[in-house]
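In what follows, a single structure is set out as structure tokens and then discussed.
The values are calculated or read from the model by the stated rules, or taken from the named source; none is laboratory data. In this text the structure is predicted, and so the values were computed from the model without any measurement. Please note: Cβ atoms are built from the backbone with ideal geometry, for glycine as well, and neighbour counts cover all protein chains shown.
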Amino acid sequence: MPPRQQPLTLMAAQATRGISGINVDGYRDYRGVPVFGAWLWDHDLGFGITTEIDVEEGLTSYYQTRQTVLGVLSLITLMALLLLVYIIRSQQAKNAT
């Protein structure tokens, strides 16, 4: 479909109507790629300012942090279980003698 026949993106449709806003749920840009965006329409100057970032790029830090936290929590859980097993066996050995 030629670009002139394609519908406006969420950001473009609202900005051209003079509506400012943000979207962190994600919407498709002109390439069809999911993005987060923010736009501001200045009525006094008669133009808008927009910014968009690909959802994948925007969430990279979140995914890295989530993996790190899950890894650390898993390690702590494993260490706690090993310590518990050690304490139980020590108590059993102490009571057996």
Conditions (1) surrounded by 12 or more Cβ atoms within 10 Å (Cβ to Cβ); (2) outside the structural domain of G21 (by TED's automatic domain parsing); number of the one not met by T65: (1)
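Going by the structure shown, is L45 in a loop (DSSP other than H, G, I, E, B) and either in contact (Cβ under 8 Å) with a residue 24 or more places away in the chain or in contact with a Ser or Thr (Cβ under 9 Å, 6 or more places away or on another chain) (or both)?
Values: in a loop (DSSP other than H, G, I, E, B): yes; either in contact (Cβ under 8 Å) with a residue 24 or more places away in the chain or in contact with a Ser or Thr (Cβ under 9 Å, 6 or more places away or on another chain) (or both): no.
Spelling it out, it is not the case that L45 is in a loop (DSSP other than H, G, I, E, B) and either in contact (Cβ under 8 Å) with a residue 24 or more places away in the chain or in contact with a Ser or Thr (Cβ under 9 Å, 6 or more places away or on another chain) (or both).
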Scan of region 3-40 for residues that are among the aliphatic types (A, V, I, L, M), exposed (fewer than 13 other Cβ atoms within 10 Å of the Cβ) and part of a strand (DSSP E or B), ordered by number: I22, V24
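Report yes if V55 is in contact with a Gly (Cβ under 9 Å, 6 or more places away or on another chain), aliphatic (A, V, I, L, M) and surrounded by 10 or more Cβ atoms within 10 Å (Cβ to Cβ), otherwise no.
Working: in contact with a Gly (Cβ under 9 Å, 6 or more places away or on another chain): yes; aliphatic (A, V, I, L, M): yes; surrounded by 10 or more Cβ atoms within 10 Å (Cβ to Cβ): yes.
When the stated conditions are applied, V55 passes them.
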